[in-house]
Amino acid sequence: MNREKRWDWDKHSQFILDMIQNGDESEIEGFGGTSSDEDDPVEDPDYTPLNQESSESECESEEEIPQPEGEVSQPREVPQPSTSTKKHLTGQENKFSWRKKPFEAPDCTFKGESVTPPDELPTPLQYFRRFITEEMIESLMEQTNLYSVQTTDTLKNVNTTVKELEILIGMYLRMGLCQLPGNRTYWENNTRCAMVADNMSRNRFQTLLASLHFADNTDSSNRQEGDKCWKIRPWLDMFRKQCLEITPEEYNSIDEQMVSFRGTRSPIRQYVKSKPHPWGFKIWARCTSTGILCDFQVYEGGTGKRTTFGMGGDVVLKLCETLPPGQNYKVFADNLFSSAPLVLELLQRQIFYTGTLRSNRLSGCQLEDDKSLAKRGRGSFDARVEKEGSMAIVKWHDNRSVTLISSHTAVEPQDKAHRWSKQEKAFLDVNRPHIVKEYNTFMGGVDLIDGCIARYKYNMRSRRWYIYLFWHSIMLALVNAWLTYRRDCKLLGQRPLNQRRFQAEVATSLILIQAERGRPSLDSKTPSPPAPPKRVRVGVPDDVRLDQVAHWPVKCAKRGRCKICKTNATTTVCEKCDVRLCFTEERNCFKTYHFA
């Protein structure tokens, strides 16, 4: 044998011993893995790798330890990432080691602040003003008046007020309840809508819409480097601040929202395939399981920089920064965001994560292929646990296979899912892992608030792209107020208003409350002008009834039943509330109605 090609057994045996003693255990155990995070295209959601079938023998695993039926393992403490895990999070190590063994659920008892019911249920307008405050309207008024002065070539000084902008918002909410094809149709003779047209003239309405503004164009400090939403950034920051004041619940979901926009003059317009409105603005949102928006971020486009957790992981970490650490919050998201490094990073903050997982982000975890699970039938599954016991990956076959990852739940305890069988033409009960049940129960918060917004949202068209975000924030505030109100009613055991009646009451209160009006002339020689046509109002909100502004008793020709005593026939009507009330020395129901 040639001496130059001779194998130096002493040298290489010493190298192997040094690697075993000083190297990481996962470097040897993960040698048979097929993927790593270096090849994981997290930034490109449409990337789909080739199908790589793997057998169970390729994965180094331990035999599954059976447990008695109905017996659940005792909770353990939250595992802390090992040295190899920390290397992985810093990009020095890109491999995990997985075992086929039962997952020991950690102690994830919720330690955060619980939601407490109010002593007295606020009015719908008070709920709405928790998110659209008077300071926000004042800032909008200042910037709108400034913008109208700066563009004197096309607009005049609108000289608007806070009250007029509240009326504008109230008219927009009413338009959502009675939708017509265009703004002008609400004032046209054939399609006139009194609930909108009686509160403001058409020309004034159009002038205010054209003048709405949120930031000073001449102030260079507003144009921060890389901020594409600087024109509406002050309004979004104030609205986000109000959303963060909501007491977060234990279960939260993270997903994307789409604001429909078909125009071309926008720096942040996106196209998302298979969405109901594919063209528009993308918003990352974190909601509770009941749909209440707690935090959000407008997506302004990719940066082109590759990060450790990818675009989706960075979004989750950003939205979870506002959650108090160490309180055992649970976060749910879909496969756009999920990855094994993200789960471990959130676990360091004591935030538990559950979500679906893409096949190219398994981090070396070898599971049964789809064909093998399909042969075993519906309800079959395969599970693996990370070697430190920090997380588990479960692949479950229903109509098709789905893969999920979690740091606080896995297979046990299983339950039954009711499914329809085309072959047997009957409903069957199939086995369902607990991770699937948890995901289906708490994931739909963002979809819930999207459905509520689309129900009564009026599509106000504009050439300025940021106006769409403004009206979307108005609807977010309204739905947030209604969901918060409904949660408080549930805690107090009261029956809540539905969304339509809640929105109508907020719109009526914004239009009528604190309406300034002078005292009518008492000079009998001056002929009184003809009375305006009466507006039909079904019910008066408490905010309007008790504001003690412009409630004047007027006489009408016909007698009617009093709103309070129900028995006497009276000819006195409150001009603002349009309610018949007794106004005599014996019975002063007028005072009782407005000061009770």
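The values are calculated or read from the model by the stated rules, or taken from the named source; none is laboratory data. This one's a predicted model, so the numbers in the text were calculated from it and none came from an experiment. Ideal geometry is used to build each Cβ from the backbone, glycine not excepted, and the neighbour counts take in all protein chains shown. For the accessible areas, the whole protein counts, side chains as well, though only heavy atoms, and no ligand, DNA or RNA atoms are used. Shrake-Rupley method; radii C 1.70, N 1.55, O 1.52, S 1.80 Å.
Packing, as the average of other Cβ atoms within 10 Å across residues, places the peptides 356-362, 252-258, 476-482 in the order 476-482, 252-258, 356-362, highest first. Label separation (Arg461 vs Ser220): 3.9 nm, computed from points 7 Å beyond Cα along the C-beta direction.
Leaving out ligands, DNA and RNA, and with a 1.4 Å probe, what % of the accessible surface on segment 230-316 is carbon or sulfur?
On the way: 1830 of 3810 Å².
That share works out to 48 percent.
When you count the other C-beta atoms within 10 angstrom of each residue and take the mean per peptide, 403-411, 543-551, 455-463 line up highest first as 403-411, 543-551, 455-463. The accessible-area ordering, largest first, of the residues His434, His418 stands as His418, His434, per a 1.4 angstrom probe. Shown here for segment 352-454: GluC sites (Glu not before Pro) in loop regions (DSSP other than H, G, I, E, B) with at most 13 other Cβ atoms within 10 Å, namely Glu424. Straight Cα distances below 23 angstrom link Lys282 to the lysines Lys228, Lys231, Lys241, Lys273, Lys305, Lys318, Lys457, with same-chain residues fewer than 8 positions distant left out.
Across segment 478-517, Cα-Cα distances exceeding 13 Å account for 56% of all pairs. Candidate cross-link partners of Lys101 among the lysines, defined by an alpha-carbon separation under 24 Å and a same-chain spacing of 8 or more, comprise Lys86, Lys330, Lys371, Lys375, Lys387, Lys395, Lys416, Lys437. Counting only lysines at least 8 places from Lys591 when in the same chain, those with an alpha carbon closer than 27 Å to its own are Lys163, Lys534, Lys555, Lys558, Lys563, Lys566, Lys576. Karplus-based coupling profile of segment 561-569, in residue order and whole Hz: 7, 5, 5, 9, 7, 6, 10, 7, 8, with θ = phi - 60° in 6.51 cos²θ - 1.76 cosθ + 1.60 and x standing for Gly or Pro.
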